[in-house]
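Asker: Have a look at this one.
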């Protein structure tokens, strides 16, 4: 889960700037500090009492918006993230210079930067130039994509033959000969518009005709041998499609499609809430969940290096479809086009959100609304459409369903009035930002004024923003990327970088443990969840909200969890007071009693003991520990081999050995075991490397 205090919607830098009455509930960002103080202090005791008596979120936000001072917090900020012809020229020329020196990766980076700030009329040349650099690196699919974009956005007619010929050669590189013939034919046709000397044009035409002729003869031979050319062409087109990199759960839980059938969700009522349980024995390394986010947002500092829609690091950048701003980028035309409708709304929202130091939670609270057209979202005013249901095969629990999102826990009944006032203030400002966009139809939108009451539709949206802020405090996850230095392929030297946040409504149902059952990583915007220990049927499956027993003392773990998530942790490491990993006695081995779960006793044996049959004081049966000792010897070799693979950057090979270690140790030994938890740490590194990762 995302680390989150009562003031979770502000960044750390901003939080440190405001302390009203020395109460942490009042901490806010510098952008909000003065106005928040003025609004709060402008209320008399009787006026504030009216706020305390309000019973719904819409009324709370409306109360803030009825205060004239609240409207003095500006919506417009200094923003220079617009198209810049001069910067475009500089970056494009820099790319051209790098290209001429055959520094193609550098050229691509320069063209990326140029594309983000370029006016629309400059994009065709930039895309075409970048396609040439990609072609020389044999990144043919990406080069083809840039050729398509160059022609689509508007490329000079007298230069089109270059792009078409490059397309043909990319198809050749991909062994798509039918498509290459068509591209050569288009290139020949485009030569009619080319502004080149007659002799050069004749040579170009001859070269293209020779290439097309060779390919056509090969096709004719294939046809004589009975090859279906139309079918061949379709196969070529299918090969060009990007493969879906997101793994799929092999056997899906029909009621919770993001989960494996090996996991079910149970409801423990008000005291425990919903939680995950294993339906069968689960081995370490099993894929148990893959989930797309209900809403997702990047941290501001990653808005140009990572895709605004799917959060992956950008290799070849594409600007937004507004052709106005330069504040975001996309990894592909597909992500850009799918986000086009949303960006029409967000284009004006993004600068104030980022410049105000508002955190990713603010963006998520708004995106849960803007990702749905107004006409669709306003239907959720009907309580029946958002009423919590018991998931089933016929009515599954879907992450994209607003019903599942809005029914996540908010703990509103445990909030102080000051906390609600603070969040209502932020929600009011976020609503004003949304109000200045084209999201609301003209007949619904009211002026930004304390004197004008909100329409019924605006009240619903305003209240929804406040509701989202509250539920995201407890139900948002960090989105991360595993990064390593280009000079160090050793996976153990990598780090997991927090790049954004998202709400994954199924994974939000998992409870915390300081010794989690799973590791989560990201492939594009999908959260991938795999087990990191053996789990017995009927056992709860936990994730981790931040503090872990191997690294953080119990007292500090409990303090953090109580402060951030409002519960007292009673997981096994906390209830049994497990030591930190450095304090686990390596001279003591912990064996499971052979009687099994009916006894459940742990037999502690000194590593230098001469005894092989250890009596259980609970059930009286003796356990032969030779099997466990042999297992530990076996795992030593596996661990050494895995560490070598980790140093070589071979995540999958290392992971195979590491998971075998966990399975072997789980058979005879009981946690905590130092070697077991060190192995888990290595498993986590390997799994993170299988997700979104980058060499920087």
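The values are calculated or read from the model by the stated rules, or taken from the named source; none is laboratory data. Since the model is a prediction, treat every value here as computed from it, not as a measurement. Glycine also receives a Cβ, built like all others from the backbone with ideal geometry; neighbour counts cover every protein chain displayed.
Asker: Restricting attention to the stretch 407-418, report how many residues are in a helix (DSSP H, G or I) and crowded, with 20+ Cβ neighbours inside 10 Å.
Answerer: Residues of the stretch 407-418 that are in a helix (DSSP H, G or I), as a first pass: 412-414, 417-418.
Among the residues that remain, those that are also crowded, with 20+ Cβ neighbours inside 10 Å are: none.
Qualifying residue count, the stretch 407-418: 0.
Asker: Residue 371 passes all but one of (1) closer than 30 Å to residue 509 by Cα; (2) more than 19 Å from the chain's Cα centre (by Cα); (3) touching a residue at least 40 places away in the same chain (Cβ under 8 Å); which number fails?
Answerer: The one condition residue 371 does not meet is (2).
Asker: Given the structure, is residue 32 at pLDDT 95 or above and under 30 Å from residue 565 (Cβ atoms)?
Answerer: Details: at pLDDT 95 or above: no; under 30 Å from residue 565 (Cβ atoms): yes.
It is false that residue 32 is at pLDDT 95 or above and under 30 Å from residue 565 (Cβ atoms).
Asker: Another one. State all residues of the stretch 32-65 that are crowded, with 16+ Cβ neighbours inside 10 Å and assigned to a loop (DSSP other than H, G, I, E, B); if no residue qualifies, say none.
Answerer: Those that are crowded, with 16+ Cβ neighbours inside 10 Å and assigned to a loop (DSSP other than H, G, I, E, B): 43, 54.
Asker: Could I ask something else about it? If I filter the stretch 314-333 for residues that are part of a helix (DSSP H, G or I), over 25 Å from residue 443 (Cβ atoms) and more than 18 Å from the chain's Cα centre (by Cα), do I get at least one hit?
Answerer: Pass one, the stretch 314-333, residues part of a helix (DSSP H, G or I): 333.
Next, from what is left, pick out any that are over 25 Å from residue 443 (Cβ atoms): 333.
Checking which are more than 18 Å from the chain's Cα centre (by Cα) leaves us with 333.
Within the stretch 314-333, one or more residues are part of a helix (DSSP H, G or I), over 25 Å from residue 443 (Cβ atoms) and more than 18 Å from the chain's Cα centre (by Cα).
Asker: Report those helices (runs of 4 or more DSSP H) wholly inside the stretch 334-395 carrying at least 2 residues which are under 30 Å from residue 263 (Cβ atoms) and in contact with a strand residue (DSSP E or B) (Cβ under 7 Å, 6 or more places away or on another chain). Even if it seems obvious, please write down each step before you answer.
Answerer: Working: elements: 340-346, 350-355, 360-370, 374-377, 383-386.
Those helices (runs of 4 or more DSSP H) span 360-370.
Asker: Here's something else I'd like to know. Which fully enclosed helices (runs of 4 or more DSSP H) of the stretch 597-693 have 2 or more residues being more than 35 Å from the chain's Cα centre (by Cα), farther than 26 Å from residue 543 by Cβ and at pLDDT below 90? Steps first, please.
Answerer: Numbers: elements: 626-647, 651-668, 674-690.
Hits in the stretch 597-693: 626-647.
Asker: Something else about it: Among the residues of the stretch 463-520, how many are part of a loop (DSSP other than H, G, I, E, B) and under 18 Å from the mean Cα position of the chain (by Cα)?
Answerer: First, pick out the residues of the stretch 463-520 that are part of a loop (DSSP other than H, G, I, E, B): 476, 485-490, 494, 504-506, 510-511, 513-517.
Right, trim to under 18 Å from the mean Cα position of the chain (by Cα) and you get 476, 504-506, 510.
The qualifying residues number 5.
Asker: A further question on this structure: Return the pair list, or none, for Cβ contacts closer than 9 Å from residues in the stretch 194-221 that are in the same structural domain as residue 167 (by TED's automatic domain parsing) to residues that are in a helix (DSSP H, G or I) and surrounded by fewer than 11 Cβ atoms within 10 Å (Cβ to Cβ), at least 6 apart or on different chains.
Answerer: If the second residue must be in a helix (DSSP H, G or I) and surrounded by fewer than 11 Cβ atoms within 10 Å (Cβ to Cβ), the pairs left are 194/200.
Asker: Can you name the residue in the stretch 165-177 that is surrounded by fewer than 23 Cβ atoms within 10 Å (Cβ to Cβ) and under 18 Å from residue 190 (Cα atoms) and is also nearest to the chain's Cα centre (by Cα) among such residues?
Answerer: We begin by selecting, within the stretch 165-177, every residue surrounded by fewer than 23 Cβ atoms within 10 Å (Cβ to Cβ); these are 165, 169, 172-175, 177.
From what is left, the residues that are under 18 Å from residue 190 (Cα atoms) are 165, 169.
Details: 165: 38, 169: 36 Å.
By that ranking, first place goes to 169.
Asker: Also, quick follow-up: Sort through 90, 110 and tell me the only one that's part of a helix (DSSP H, G or I), surrounded by fewer than 17 Cβ atoms within 10 Å (Cβ to Cβ) and at pLDDT 95 or above.
Answerer: Details: 110 fails: surrounded by fewer than 17 Cβ atoms within 10 Å (Cβ to Cβ).
Result of the check over 90, 110: 90.
Asker: So which residues in the stretch 228-282 are in a strand (DSSP E or B) and in contact with a helix residue (DSSP H, G or I) (Cβ under 6 Å, 6 or more places away or on another chain)? Reasoning before the result, please.
Answerer: Initial filter on the stretch 228-282 (in a strand (DSSP E or B)): 252-253, 256-260, 263-267, 274-278, 282.
Scanning the stretch 228-282 gives 265, 274.
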